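Everything on this sheet refers to the single structure shown next.
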Amino acid sequence: MEVRLPDLPALRLAELGPHVTIPPSAARIDFVRGGVTMSEFPVMCDVTQRFQTPTLEDVPAAVRSQLCGLNLASRIRPGDTVAIPAGSRGIANIGAILKEIVSHFRELGAKPFLVPAMGSHGGGTAEGQVRMLKSLGVTPESTGAEIRATMETVIVAETANGLPVHFDRFAAEADHVFVVNRVKPHTRFVGPVESGLHKMMLIGLGKHAGALVYHAGILSMSFPEIIASVAERVLDVCRVCGGLAILENALDETAMVEAVQPEHFASREPELLKLANQWLPRLPFEHVDLLIVDQIGKNISGVGMDANVVGRKFNDHAATDQDSVLCRRIMVRGLTKETGGNATGIGMAEFTTRRVVDQIDSKITRINCLTGNHPEAAMIPITFDNDREAVAAALTTIGLVKPAEAAIVQISDTLHLSRIRVSEAYFDAVKQHERLEFAGEPEPFPLDAEGWLRGVPLH
């Protein structure tokens, strides 16, 4: 069950009329002049969260079984080349999954190879994308297939509404293309198909050039319209022989793999998306004064932190009535190693530290955000020298709430939410929540002597 916090201990400025005077008995905060002191920071406690977690025990065996069900031998002739796209997301077991796909095509006598398929990620260069794959454990040695990397595309068709259909040059030259991707909710739009097999055919295999065209097209038509029209033409002309959809549970584990015939992409992916949405990890509370995120990165989400989780899918700095959670303020503490300095999504936060800003590769971040037609995602939040200063400042901007009573949640990242850290404002709600339990004793706000927060363990 989801527990809504009863009237968080505050009156919100937005709920007050422009001429309302708050009597002293009603005011629950002494207005801070000159910031918040450490003695005013709330008590915190680690909490574990249980999710519905269907899990595949033997991922390679499941992949083999699904591929056999496609009867690819009826499509593939010995000697045929097969392009297999490999994306930039941190998909669990992706190396093992790709290895099994490669092995299956080799058994059919085909010549499979991998192509980096990640739009403008990796700095928009072939070398950068190969490095990104290596950071995810995807190499020729681990998968048994060579990697053919290029940023060149071929315009293979045009949609009915005039969009050129870009396709990776090596994939366009192959006899067949086998699409692989994780199916999950997209971070910026809602539709029957969001992130998955269709998006891989557009943005991944469309490379930087295609991503630029399709994201620019959002200003004239909806992204679901773009997906439908471009995917239709890709399936018509690019010799797609099948696909493997990957679904993960809330613990970032492989929950399901399903092989899909190309003619069933459009009907099956919406059904898989509904499952993926059910299994998406979520924050357990609907209202958060300050969300502290230990790390963001492209291996975590397309926008660094999943907007579905933090409640900023439709507006970078405010929840809408379509979001499931309201985070009044967000603070980011770091970037993942795997993101390689790409800080896309940092602009969704209001607060960060100099240490985070120093990790940012401005060029890579700029290329990614401009390609996605989302320049706001690269904007640098207000920056402080350490976590203590950033938290203190954030607590002065959450309305009429005493800092010690602020509703604060700290997470490692938006993929790993089985363990979180919460402030005292949530303690009663934790006790009532059937999926939550305390994982330790309450403690003073966990800052070290230099003003840095202790991170949240992944599990």
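Would you point out which residue out of LEU273, LEU283, LEU251 is within 15 Å of ASN181 (Cβ to Cβ) and in contact (Cβ under 8 Å) with a residue 40 or more places away in the chain? Step through it out loud before you land on a result.
On the way: LEU283 fails: within 15 Å of ASN181 (Cβ to Cβ); LEU251 fails: within 15 Å of ASN181 (Cβ to Cβ).
The unique qualifying residue is LEU273.
Being at positive phi and touching a residue at least 12 places away in the same chain (Cβ under 8 Å) narrows it down to one residue among GLY455, GLY345, GLY372; which is it? Outline the logic, then answer.
Details: GLY455 fails: at positive phi; GLY372 fails: at positive phi.
Sole residue among the options that is at positive phi and touching a residue at least 12 places away in the same chain (Cβ under 8 Å): GLY345.
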- request: Go through the range 230-257 residue by residue and tally those that are assigned to a helix (DSSP H, G or I) and in contact with a helix residue (DSSP H, G or I) (Cβ under 6 Å, 6 or more places away or on another chain).
  value: 4
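For THR187, state whether it is farther than 15 Å from ALA86 by Cα and out of contact with any Pro (no Cβ under 6 Å at 6 or more places or on another chain). Steps first, please.
Working: farther than 15 Å from ALA86 by Cα: yes; out of contact with any Pro (no Cβ under 6 Å at 6 or more places or on another chain): yes.
Answer is yes for this residue.
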message: Looking at LEU335, LEU326, can you tell me which residue is more than 13 Å from the chain's Cα centre (by Cα), free of Cβ contacts under 8 Å to residues at least 60 places away in the same chain and within 25 Å of ASN93 (Cα to Cα)?
response: LEU335
field: Residue count, the range 262-283 (criterion: closer than 30 Å to ARG454 by Cα and either of a type in the set (A, V, I, L, M) or in contact with a helix residue (DSSP H, G or I) (Cβ under 8 Å, 6 or more places away or on another chain) (or both))
entry: 4
- prompt: Which of the residues belonging to the range 127-166 are surrounded by fewer than 17 Cβ atoms within 10 Å (Cβ to Cβ) and either touching a Ser or Thr at 6+ places or on another chain (Cβ under 7 Å) or charged (D, E, K, R) (or both)?
  reply: GLU127, ARG131, LYS134, GLU141, GLY144, GLU146, GLU152, GLU158, ALA160, ASN161
query: touching a Pro at 6+ places or on another chain (Cβ under 7 Å) and surrounded by fewer than 24 Cβ atoms within 10 Å (Cβ to Cβ) - does that describe any residue in the range 373-394?
result: no
- prompt: Quick one: is GLY210 at pLDDT below 95, assigned by TED's automatic domain parsing to the domain that holds ILE97 and in a loop (DSSP other than H, G, I, E, B)?
  reply: no
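Can you list the helices (runs of 4 or more DSSP H) found entirely within the range 343-405 that contain at least 3 residues being of a type in the set (Gly, Ala, Ser) and more than 20 Å from the chain's Cα centre (by Cα)? Write out each step before concluding.
On the way: elements: 354-359, 362-371, 387-394.
So the answer is 387-394.
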- prompt: Taking the range 334-372 as the search range and keeping residues that are in contact with a strand residue (DSSP E or B) (Cβ under 7 Å, 6 or more places away or on another chain) and of a type in the set (D, E, K, R), which one is surrounded by the most Cβ atoms within 10 Å (Cβ to Cβ)?
  reply: GLU350
- prompt: How many of the residues in the range 219-242 are in contact with a Gly (Cβ under 9 Å, 6 or more places away or on another chain) and of a type outside the set (A, V, I, L, M, F, W, C)?
  reply: 3
query: So which residues in the range 302-335 are more than 19 Å from PRO381 (Cα to Cα) and part of a loop (DSSP other than H, G, I, E, B), if there are any at all?
result: THR320, ASP321, GLN322, ASP323, SER324, VAL325
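Can you confirm whether the range 428-447 contains a residue that is in contact (Cβ under 8 Å) with a residue 24 or more places away in the chain and within 22 Å of the chain's Cα centre (by Cα)? Break it down into steps so the answer makes sense when it comes.
Here is the first cut: in the range 428-447, the ones in contact (Cβ under 8 Å) with a residue 24 or more places away in the chain are 429-430, 432-447.
Next, from what is left, pick out any that are within 22 Å of the chain's Cα centre (by Cα): none.
No, the conditions are met nowhere in the range 428-447.
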statement: When VAL190 is run through (1) surrounded by fewer than 20 Cβ atoms within 10 Å (Cβ to Cβ); (2) touching a residue at least 60 places away in the same chain (Cβ under 8 Å); (3) farther than 30 Å from GLU253 by Cα, the failure sits at (3)
- request: Please specify each residue of the range 70-125 satisfying the condition of being among the β-branched types (Val, Ile, Thr) and either within 19 Å of the chain's Cα centre (by Cα) or within 20 Å of ALA211 (Cβ to Cβ) (or both).
  value: ILE84, ILE91, ILE94, VAL115, THR125
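If you go through the range 410-440, how many residues are assigned to a strand (DSSP E or B) and small (Gly, Ala, Ser)?
Residues of the range 410-440 that are assigned to a strand (DSSP E or B), as a first pass: 410-411, 419-423, 436-438.
Checking the rest, the ones that are also small (Gly, Ala, Ser) come to 423.
Count: 1.
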field: Pairs, first under 18 Å from MET132 (Cα atoms) in the range 146-174, second among the polar types (S, T, N, Q) and in a loop (DSSP other than H, G, I, E, B), C-beta under 8 Å, six or more apart
entry: ILE147/THR139; MET151/THR125; ASP168/THR150
statement: Picked from the range 214-228 (must be in a helix (DSSP H, G or I) and surrounded by fewer than 20 Cβ atoms within 10 Å (Cβ to Cβ)), the residue nearest to the chain's Cα centre (by Cα) is PRO224
task: Could you grab me the full set of residues in the range 291-318 that are more than 18 Å from SER195 (Cα to Cα) and free of Cβ contacts under 8 Å to residues at least 60 places away in the same chain?
output: ASN315, HIS317, ALA318
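The values are calculated or read from the model by the stated rules, or taken from the named source; none is laboratory data. Quick caveat, the model's predicted, so the values are computed rather than measured. Cβ: placed from backbone, ideal geometry, glycine included. Neighbour counts: every protein chain shown.
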